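As structure tokens, the structure follows; a few thoughts come after it.
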Amino acid sequence: EWGDLVDCLFLTPKYFNGRYAVTPATYKTDGMKCPSCGSITDSQSCRKCNRQREKVTIEKPWDTKASQCAEWESAQSPRTIIKHKIFGPACDAVKVLESYLGLKAIRDTSQRQVMATATYQDSETGIVVPIGILIDLLPAVDSPWGKSIIDLKTTTTAAMRPWRSHVYTYNYDAQAALYLDVWTVTTGEDRCDFRHIVQE
């Protein structure tokens, strides 16, 4: 969820509203307020003050157990629901990415979310397997990164040793090889470098 959200906000923000719905931080509901002590509950009277409570509108933190919150979320389909407390930090993460001038230059000179397709034919069985890839950033050929395909990754730590372990655990090295092969076969371009932008 986090990786997809950061990808969308950084690479294709114009599609955000079509893909996601962010929950409000709060919702309004009815409550009963004591005119003497100001306490608010669902009960009609205040035991402490022995007074009848008055009906008021109150705000509560967003809660999917509340019927109006559940109805709102149901109405957002087929968009993905993102909690307000996740959306804020994701926006902060993208601001950090955008603060790096070198990274801004890469993004500005690149096509984003580029799809390519190819087929793989197994030599032993003859089975043909369709393959599709989605490249996060494809720099212009005449740019300093013109031989590269670039992928945005999110991770718990970007320190070199654990990141190297992540690469092998999640087969990012195999992904890199596949992407380079598919793109070269599809376009004939001499792309031989695969780079990661790592958002910690």
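The values are calculated or read from the model by the stated rules, or taken from the named source; none is laboratory data. Keep in mind that this is a model prediction, so the values were computed, not measured. Positions of Cβ are generated from backbone atoms using ideal geometry, with glycine treated the same way; all protein chains shown enter the neighbour counts. These accessible areas exclude ligands, DNA and RNA; they are computed on the full protein's heavy atoms, side chains included. Shrake-Rupley method; radii C 1.70, N 1.55, O 1.52, S 1.80 Å.
Odds and ends about this structure:
- Residue in the range 66-77 that is nearest to the chain's Cα centre (by Cα), counting only those that are outside any loop (DSSP other than H, G, I, E, B) and surrounded by 13 or more Cβ atoms within 10 Å (Cβ to Cβ): 73
- Test: residue in the range 78-89 that is open to solvent by less than 100 Å² (accessible area, probe 1.4 Å) and under 30 Å from residue 148 (Cα atoms): yes
- Checked against (1) touching a helix residue (DSSP H, G or I) at 6+ places or on another chain (Cβ under 7 Å); (2) over 16 Å from residue 118 (Cα atoms); (3) open to solvent by less than 60 Å² (accessible area, probe 1.4 Å); (4) not in a strand (DSSP E or B), residue 173 passes all but condition (3).
- Looking only at residues of the range 45-65 that are over 34 Å from the mean Cα position of the chain (by Cα), surrounded by 10 or more Cβ atoms within 10 Å (Cβ to Cβ) and not charged (D, E, K, R), we find that the one that is farthest from residue 84 (Cα to Cα) is 49.
- Checking 33, 104 one by one, the residue that is at pLDDT below 90, closer than 30 Å to residue 184 by Cβ, surrounded by 12 or more Cβ atoms within 10 Å (Cβ to Cβ) and not hydrophobic (A, V, I, L, M, F, W, C) is 104 and no other.
- All positions within the range 10-26 that are open to solvent by 30 Å² or more (accessible area, probe 1.4 Å) and either among the β-branched types (Val, Ile, Thr) or assigned to a strand (DSSP E or B) (or both): 22, 26
- Of all residues making up the range 77-124, the number that are touching a residue at least 40 places away in the same chain (Cβ under 8 Å) and under 23 Å from residue 140 (Cβ atoms): 12
- If you filter the range 87-128 down to residues that are small (Gly, Ala, Ser) and over 20 Å from residue 177 (Cβ atoms), you find that the one that is farthest from the chain's Cα centre (by Cα) is 126.
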